[in-house]
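What follows is a short report on a single structure.
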Amino acid sequence: MPDKENLKKQIIQAVEKVKETNPMAGSITNTVTINFVANTQLAVGGSAAMVYMPDEGELIAKSGGATYINVGTLFPIYEQTLPLTAKSLHDMGKPWVLDPVAIGIGSLRTDLLRKFKEFKPSVIRGNPSEIIALAGLWGLDGGAGESRVRGVDSTDSVNAAKAAAVSLAKYTGGAVAVSGETDLVTDGSIIAYSYGGSHFMEKITGAGCALGGVIAVYATAASPFIAALTGTAVFNLAGSRAEAKTDAPGSFQTQFIDELYKAAADEIADNQFDIIEI
Amino acid sequence: MPDKENLKKQIIQAVEKVKETNPMAGSITNTVTINFVANTQLAVGGSAAMVYMPDEGELIAKSGGATYINVGTLFPIYEQTLPLTAKSLHDMGKPWVLDPVAIGIGSLRTDLLRKFKEFKPSVIRGNPSEIIALAGLWGLDGGAGESRVRGVDSTDSVNAAKAAAVSLAKYTGGAVAVSGETDLVTDGSIIAYSYGGSHFMEKITGAGCALGGVIAVYATAASPFIAALTGTAVFNLAGSRAEAKTDAPGSFQTQFIDELYKAAADEIADNQFDIIEI
Amino acid sequence: MPDKENLKKQIIQAVEKVKETNPMAGSITNTVTINFVANTQLAVGGSAAMVYMPDEGELIAKSGGATYINVGTLFPIYEQTLPLTAKSLHDMGKPWVLDPVAIGIGSLRTDLLRKFKEFKPSVIRGNPSEIIALAGLWGLDGGAGESRVRGVDSTDSVNAAKAAAVSLAKYTGGAVAVSGETDLVTDGSIIAYSYGGSHFMEKITGAGCALGGVIAVYATAASPFIAALTGTAVFNLAGSRAEAKTDAPGSFQTQFIDELYKAAADEIADNQFDIIEI
């Protein structure tokens, strides 16, 4: 069995290193939730920078400790920017996080996501339907067509995406985080289930995007698996705490950022999770 | 006289259907308020998805129950995306909401808004100056030039836009919602005046855009007139309630989203409105 | 010595004129913080309008009392829009505020910032590293290379940027505002140090962008130096007050907008500042 105490220690180290070093994790992300992504990255102790132009993507990749690519709202220039940036990250061996938002909608999105297979994202974060569809697009076990992605929402449960998540992690050599009522994080050999969060996280736009951005912050300071687990844990902790203080989504979002900021390293490590070997 | 009790019943049905079915209303909207639009759509029970690319506009039109098009901040690609999306919506007979923000600023905006005449938006939402200018651009009664639009603000009163609103609704066969201190909603044969709201709604950016997005959510579940009236009513109710709890615009915006979320179907139907036959 | 009481009177006049006339200050600004910029402009009494297209930039320049240009997230169309807009502003003698965010990242950004030298922005607002790098790019005293700009963050202190700020202000004939723990505002002959603010302003994205937007609002009603000093003062006042009421960045941001809205003209003028002659 993987050693849970050892994982907790690594979570604590990741959180503390981020709070001490204020690492930069650049992003190319959608316009809907870009502000929320940046504010959550800052709340956990990271630094944010967002770009659209091809050479700026390369520069952000070079200068940041990790990079977050979210395909939520594509612009035409992304046809150049995203493959160039992902290739740079891959060639430099730098960690990057992919959020395959709304996979299946539009030809550019499909082209870009297909190309990313070659550049092996360190962490893939998505809802169950997106994870299943990405494994399908990449021809991996557990994958299927994109028919179950409904806009940005999932119609599948986390466990339905387990096989796809494991095969994606095995293929990339990194980690996969599947968001749902209980979250699943895997490096292809271990699966961690992380508990907590809030039903309000589906009532504010961008909880998933923000998680991707925060995982990128932790990926500057830890392995892909620990980064994905740490980001998932702090979101579950902050979500539970924010829900306890609010009764509606506007206040919840404000409190959620507050709780991300306040969460201490040991509290994040102590947020409930189970691990199983595959 | 139109039956007010019957309208209230339809409002209740629209609100409840949205809360039960979580319908998707996609948007092509401006970058300034895109997050607020999505969060208000989610708060009332809808689901949001935003895109920019031409084929994605078509897909969102196809997969959503209704679509929201807001021309606030145009990108070059909109020259392709918006006519294609509006045409798809029209050809499929699907409801769509147009917000002619800042009509008169720039040649692309004028071209797009002129083309939309052919694709007959189900609901047009704007401030009085925008409604008058759109009727003017489309050569309809009550319309006039664009000189009174000042950026995104109106220099006309709601009643000054009554004739333009009625002629636009008659032309499209849908509804028009004019936002002001008292709001006017018409289907071309009935005019409803909806009361409430808050002076803080002019102190936060995007109250109008968000109303357009929320009307699109209700348009998945009701006629254009009922959707426009329901959206206007819930905004007036939530605005009044949020103002009662706050004394400045930052807190107001948070509370406003909370109150959108909390507003019950019968409370929305009971928000004060008057109806007159034309 | 410059007369401090006279400066206070001019600050009061600027604040009151804005609250009375609701002046329009258009912006071309980044997608990360565009909503926050608009909401802070509205909170202090201004009106906002944001665009991307070339002819719209010209129109906003013409119709607004001042314009804000922030190069945070560049789109390809900016290659046309920004020089055209800046040239219009310069040719009309209208005030405009430049925020050279992330100077040194990417070729388009460098090209645009180099061109802006000719169009002499009325106010330049940046962090110390950006101010030093802009003076360097324009070949002015106190300038240096861009190596110290880290994404959107500064690695230099405000005083390290004093010579660059002074030479930029002398060159443009306008003012420069350098943001740091203590803020420095200069017109090339006087330096004002403005005190207050909050450490949380670095924990929310866009405090600097929003300050640029608010300075543009005041530039519709006052000289560049008074506009820069007034904007800086109201941000320091609102930041201190918001920090006193909150313990985390989510709540802080909400309170900060509230305090911007509540700040009275005499309170803003009374916010602590020192002046020295150069």
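Shown for A:SER189, C:SER129, A:SER167, A:SER240: other C-beta atoms within 10 Å of each C-beta, ranked fewest to most, produce the order A:SER189, A:SER240, A:SER167, C:SER129. As a proxy for reagent exposure, A:MET92, B:MET53 were ordered by neighbouring Cβ count within 10 angstrom, fewest first; the result is A:MET92, B:MET53. Ranked for footprinting exposure by Cβ neighbours inside 10 Å, fewest first, B:ILE12, B:ILE28, C:ILE215 give B:ILE12, B:ILE28, C:ILE215. Sorted from shortest to longest, the distances between the B:GLN13 label points of this copy and the other copies are 6.3, 6.3 nm, with each point 7 Å from Cα along the line through the beta carbon. Each Lys and Arg contributes +1 and each Asp and Glu -1, all at the Cβ; summed about the Cα centre of the protein assembly as shown, the dipole is approximately 1060 debye. Bridgeable lysines around A:LYS115 (alpha carbons under 30 Å apart, same-chain partners fewer than 8 residues away excluded): A:LYS62, A:LYS87, A:LYS94, A:LYS162, A:LYS170, B:LYS62.
The spacing between region C:74-114 and region B:117-132, judged by their C-alpha centroids, is 34 Å. Shape class of chain B from the alpha-carbon gyration tensor: rounded, with the ratio a/c of largest to smallest axis under 1.5. With both residues required to sit in region A:4-277, DSSP beta bridges show an antiparallel share near 40%. Between this copy and the others, label points of A:TYR195 are 5.2, 5.2 nm apart in ascending order, each placed 7 angstrom from Cα in the Cβ direction. Here's the picture: charge each Lys and Arg Cβ at +1 and each Asp and Glu Cβ at -1 in region A:88-188, and of A:ASN127, A:HIS90, A:ALA144 the one pushed furthest to the positive end of that dipole is A:HIS90. Farthest toward the positive end of the dipole of chain C, out of C:ILE226, C:ILE276, C:LEU74, is the Cα of C:LEU74, where the dipole comes from beta carbon charges about the Cα centre.
Shape class of region C:1-120 from the Cα gyration tensor (axes a ≥ b ≥ c, square roots of the eigenvalues): prolate, since a/c reaches 1.5 or more and a/b is larger than b/c. Please give every one of the aspartates and glutamates within straight-line cross-link reach of C:LYS262, meaning a C-alpha to C-alpha distance under 16 Å, and leave out same-chain neighbours fewer than 8 residues apart. Excluding near neighbours in sequence, the set is B:GLU202, B:GLU243, B:ASP247, C:GLU16, C:GLU20, C:GLU243, C:ASP270.
For B:ASP141, the distances from its label point to the matching points in the remaining copies are 7.2, 7.2 nm, ordered from shortest, with each point set 7 Å beyond Cα toward Cβ.
Each Lys and Arg Cβ is given +1 and each Asp and Glu Cβ -1; about its Cα centre, region C:56-209 then shows a dipole of about 180 debye. The mean sequence distance of close C-alpha pairs (under 8 Å, at least 6 residues apart), as a share of the length of region B:4-277, puts its relative contact order at 21 percent. With a 10 Å cut-off around each Cβ of C:56-63, the average count of Cβ atoms from other chains is 3. Region A:13-49 and region B:216-231 have Cα centres spaced 39 Å apart.
For the protein assembly as shown, adding -39500 (n - 2.57) for each run of n ≥ 4 DSSP H residues and dividing by the number of residues yields -15500 deg cm²/dmol at 222 nm.
Rounded to the nearest 20, the size of the Cβ-charge dipole of chain B about its Cα centre is 360 debye, with Lys and Arg at +1 and Asp and Glu at -1. Averaged over the residues of peptide A:96-102, the number of Cβ atoms from other protein chains lying within 10 Å of each residue's Cβ is 1.
Averaged over the residues of peptide C:193-203, the number of Cβ atoms from other protein chains lying within 10 Å of each residue's Cβ is 1.
No value in this document is a laboratory result; all are computed from the given coordinates. None of the values given here were measured: they were computed from a predicted structure. As a convention, Cβ positions derive from the backbone with ideal geometry for all residues, glycine included, and neighbour counts pool all protein chains shown.
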